[in-house]
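Everything below concerns the one structure shown next.
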Amino acid sequence: MTTIESRTGVATTGATRRRRLSAARLYLVSPAVLRAGRLADLLTHPRYGVTKVYRARVNPAPVPEGALKKLRGGVELEDGRTSPAGARQLRPGLLELELQEGRNRQVRRMCEAVGHRVEALERVAFGTLRVDGLPVGESRRLDAAEVERLRDAAGWKNRGQ
């Protein structure tokens, strides 16, 4: 797993080495795990509810409790109401959002729906993986235990894979 800087300057998670399979900008590097993309599908499809955690720097700051409550309950977007999200303010103007779905630009649109523009966005966790301590541009291999936890998070064993 590695962090990368996107075209817009947003830090995301990405891939290195050998075989790569995109899983919503998170790449898994194990041919034994990938099996024609089934695990990636389970990890990224909203119906499987794999958690993604984002940190968003928003303006104006701070975000009032009423806006956080709306995010926690789900907000109405042009493509329908979002599922409830974990939402907390780490410090004035810095939100941490935990989502189980993954619509296009969802975090940005949710924040805008409650009156706050996202100025910087970073995914800090995907399933059981966190980017804590991994500098932008650096990478490391997933160990067997991490791969197993990802499988569990995606319900791999329960789907006869």
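Bear in mind that the values in this text are calculations on the coordinates, not laboratory data. Because the structure is a prediction, the values reported are computed rather than measured. Cβ coordinates were reconstructed from backbone atoms using ideal geometry, including for glycine residues, and neighbour counts include every protein chain displayed.
When restricted to Cα atoms, segment 52-126 yields an Rg and a Dmax of 10.8, 30 Å, respectively. Extent along the principal axes, Cα only, for segment 107-161: 43, 30, 12 Å, with the longest axis given first.
Ordering Thr44, Thr51 by the number of other Cβ atoms within 10 Å of each residue's own Cβ, fewest first, gives Thr51, Thr44.
For Glu138, the residues 5 or more places off, or on other chains, whose built amide H falls under 5 Å of its own are Thr3. Tell me which of Val58, Cys111, Gly73 sits at the most positive position along the dipole axis of segment 52-126, charges placed on C-beta atoms (Lys, Arg +1; Asp, Glu -1). Towards the positive end, the residue furthest out is Val58.
Among the trypsin sites (Lys or Arg not before Pro) within segment 79-130, which fall in a DSSP loop and have no more than 11 other Cβ atoms within 10 Å of their own Cβ? Mind showing how you got there, number by number?
Working: sites: Arg81, Arg88, Arg103, Arg105, Arg108, Arg109, Arg117, Arg123, Arg130; in loops: Arg103, Arg105.
Of the trypsin sites (Lys or Arg not before Pro), the ones in loops of segment 79-130 whose Cβ has at most 11 other Cβ atoms within 10 Å are Arg105.
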